[in-house]
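Asks: My structure is below; once you've seen it, I'll send some questions.
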């Protein structure tokens, strides 16, 4: 009753060219998008360490924004939350987050990456909160393993200088060295395995990053 | 193109995907769009798809998901109008049987149509169809049984 040939369609002459162009275009687009996120994330790491007292948030500060289900309770004065939310799914391996722009395939462990950016009055990026949530597990990579891979990847080249508890989980203040001096970031590991990266540019202090981390909480 | 393997896959699979897309959409232009989008997604993820070892299955799954998602977005499912008049000319009926089957397929719910297409055009077993449609093998058998019984009943009525 159903014959395959009844539904055959001729392959248009330019069909494969259109597919090739589409693949190239999407790969370029993803590479640019991912590269942008990585650049923002890396610049968030570079915070000069200055001995300043903690400027912590009020314990029950009203949320000024959300990121992947987390309330953001504090941001340094003068910063405005960019309304755009960047979110994408990436493959995760023992080498960390795969940012080559390809979609996770069947059998790949993956994570959802969501980022919120705070900007200065002149539009310059200043504070980055990136949430890396384990998404798909595999027989080889359970949730805890994915968390470890994400955490290791986020702290490559950095050393731990402090560990403290925040409402969202356990936080580590990390420091690295660059030609511009010491660089800092706060990395939080939540009880559910989510990794939260709080970073900013050089105008933010380590104390301010700690304060932002203290202000993050689950609704 | 990063991988010559994708070029080979593209050459070998385009005709089959266009055919599957044609059964699903029953519209050559829509089938072309569906096959193109499917192949672009496969190409974009080629390094992972190749590792999986079953690029054809991955492409079929992607195509079915795109089709069903599109149908869910549209909500309304167009149902073909079945002519009430009986065909007396058997030769004519035979010539037009392909068109008749298209009409009847158009009246099947998307999931049933997808199950019928995957079984009788892609030759997939129940287990693979269940994996693609995200349901149990029992549900697949139910889709196939109902779909085929509708097809048989309406074709018989038309002739």
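Asks: With the cut-off at 1.5 for a/c, could you classify segment A:125-189 from its C-alpha gyration tensor as rounded, prolate or oblate? All intermediate terms of the calculation are to be shown ahead of the outcome.
Replies: On the way: a/c = 2.02, a/b = 1.74, b/c = 1.16.
Cα axes put segment A:125-189 in the prolate bin.
Asks: Provide A:92, A:113 in ascending order of the number of other Cβ atoms located within 10 Å of each residue's Cβ, fewest first.
Replies: By the 10 Å Cβ count, ascending, the order reads A:113, A:92.
Asks: How would you classify segment B:103-155 from its alpha-carbon gyration tensor, with a ≥ b ≥ c the square roots of the eigenvalues: rounded for a/c under 1.5, else prolate if a/b is greater than b/c, otherwise oblate? The partial results should precede the final answer.
Replies: Numbers: a/c = 1.97, a/b = 1.80, b/c = 1.09.
Verdict is prolate for segment B:103-155.
Asks: Could you list A:192, A:103, A:66 in order of exposure, starting from the residue whose Cβ has the fewest other Cβ atoms within 10 Å? Intermediate values should be presented prior to the final figure.
Replies: Details: A:192 11, A:103 21, A:66 14.
Placing the least packed residue first, the sequence is A:192, A:66, A:103.
Asks: Okay, moving on. For A:183, A:120, what's the fewest-to-most ordering of other Cβ within 10 Å of each Cβ?
Replies: Working: A:183 23, A:120 14.
Least to most surrounded, the residues fall as A:120, A:183.
Asks: Separate question: So if we plug the beta-carbon distance of residue A:191 and residue A:148 into 1/(1 + (r/R0)^6) with R0 = 22 Å, what FRET efficiency do we get, rounded to 0.05?
Replies: Working: r = 15 Å, r/R0 = 0.66.
So, using R0 = 22 Å, E works out to roughly 0.90.
Asks: For segment A:109-219, just say rounded, prolate or oblate: build the C-alpha gyration tensor, square-root its eigenvalues into a ≥ b ≥ c, call rounded for a/c under 1.5, and beyond that prolate if a/b exceeds b/c, oblate if not.
Replies: Working: a/c = 1.75, a/b = 1.53, b/c = 1.14.
Judged from the Cα gyration tensor, segment A:109-219 comes out prolate (a/c at least 1.5, a/b above b/c).
Asks: Between residue A:120 and residue A:156, what FRET efficiency comes out of the Förster formula 1/(1 + (r/R0)^6) with R0 = 25 Å and r the beta carbon distance, rounded to 0.05? Display every interim value, and only then the final one.
Replies: Details: r = 28 Å, r/R0 = 1.12.
The formula returns an efficiency of 0.35 here.
Asks: Let me ask something else. For residue B:123 and residue A:14, what is the calculated FRET efficiency with R₀ set at 35 Å and r taken between the beta-carbons, to the nearest 0.05? Each step should come with its number before you reach the end.
Replies: Details: r = 29 Å, r/R0 = 0.84.
With R0 = 35 Å, the Cβ-Cβ based efficiency is 0.75.
Taken together, the values in this text are just the output of simple stated rules run on the coordinates, not laboratory data. Values in this document were obtained by computation on a predicted structure and should not be read as measured data. Counting neighbours? That spans all protein chains shown, and the Cβs are built from the backbone with ideal geometry, glycine included.
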